[in-house]
Amino acid sequence: MTTIATAADLGAAVRLRRRERNLTLAETAELAGVGVRFMSELENGKPTVRLSKVMDVMGALGLELRVGTVVQAKGEQPAPVSPVDDAFGLAGLMGEVKGILEEDAT
């Protein structure tokens, strides 16, 4: 699972998935029922895109939106790392952050 903290993160995740499926902006826009301009704005991290259209694009690409807590409670196990997270180098970073948080808690 990829953590999305900004509009740019969301755009990058959508672009990555579209490219994994070998789709053009136009093809993805058609599948999702949105315009090519919207797709471009979404992938470029425009922070004011319409959420309902974002959800349409995500559905067309087989992506889903999940909501979770930012910091794990003491003793909780971290979520499994997906191949996408590994591609972005997030697995190692999250391990470092977890270690820092555990040190601060003691």
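Computed quantities for the displayed model
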{"quantity": "Fully extended contour minus Cα-Cα distance, from Ala26 to Leu65, at 0.36 nm per residue", "calculated": "11.8 nm"}
{"quantity": "Anisotropy class of the stretch 1-45 from Cα gyration tensor, a/c 1.5 cut", "calculated": "oblate"}
{"quantity": "FRET efficiency for Val36 and Asp9, using Cβ-Cβ distance with R0 set to 25 Å, rounded to 0.05", "calculated": "0.70"}
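Only the coordinates and a few stated rules stand behind these numbers; no lab work does. Just so you know, these numbers come straight off a predicted model, no measurement behind them. Neighbour counts run over all protein chains shown; Cβ positions are idealised from the backbone, glycine included.
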